[in-house]
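The values are calculated or read from the model by the stated rules, or taken from the named source; none is laboratory data. Remember, it's a predicted structure, so these values are computed and weren't measured experimentally. Every residue, glycine as well, gets a Cβ built from its backbone with ideal geometry; the counts of neighbours run over all protein chains shown. Please note that ligands, DNA and RNA were not included when accessible areas were found on the heavy atoms of the full protein model with its side chains. Shrake-Rupley method; radii C 1.70, N 1.55, O 1.52, S 1.80 Å.
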Amino acid sequence: MITLFENFKFYKTGQPIAYSAIVLDKKSRELLLSKYIYPNPEYVDWIKICDHMTICLGELPEHIKMYWLNEEVTLTAFELGISDKSVAVKVTGFFNINKLNIDDGPLFQHITLAINPYDAKPKDSNYIENWQPISHLKINGVVKEINSIY
């Protein structure tokens, strides 16, 4: 049930917040893609994502929003994960808002780099089981709340 306050927020912004994330800058996006996706001919037809690390679904908790919304953050990529549906990097460097199940959002902090074009969705990176350590890579982004698009 949506409360009067929630209706006001939707009216005020025009759309509800779908998720909160660290949105990568262009340089970081290109660095990740050029290092792990572009050199591999297997991924030439895959859909490149590589735009954010999800913090949580919906709005940021108030105690994080008041200090971090629109602030620049540096993350560190430390593992590469590969499955038949997606490629991602695990990252550290921001608050881990733990979720109890996959329907509530990511179980670990990561950035989906690419997904196969046939039967994959970005959330498939949550199910990657094959992770390998990589040389630590610093990447930058800004903490944002993302409006849903209908």
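Tabulated data
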read-out	value
Residue list for the stretch 42-67, restricted to those being over 15 Å from Lys144 (Cα atoms) and not hydrophobic (A, V, I, L, M, F, W, C)	Glu42, Tyr43, Asp45, Lys48
Tally of residues being open to solvent by 70 Å² or more (accessible area, probe 1.4 Å) and touching a Ser or Thr at 6+ places or on another chain (Cβ under 8 Å) across the stretch 125-150	6
Count of the stretch 46-94 residues which are under 13 Å from the mean Cα position of the chain (by Cα), more than 11 Å from Leu113 (Cβ to Cβ) and in contact (Cβ under 8 Å) with a residue 60 or more places away in the chain	5
Residue match in the stretch 100-121 (condition: crowded, with 17+ Cβ neighbours inside 10 Å, over 14 Å from the mean Cα position of the chain (by Cα) and farther than 21 Å from Lys27 by Cα)	yes
Residues that are at positive phi and either surrounded by fewer than 20 Cβ atoms within 10 Å (Cβ to Cβ) or not hydrophobic (A, V, I, L, M, F, W, C) (or both), drawn from the stretch 27-60	Gly58
Any hit, the stretch 30-37, residues being part of a loop (DSSP other than H, G, I, E, B) and in contact (Cβ under 8 Å) with a residue 40 or more places away in the chain	yes
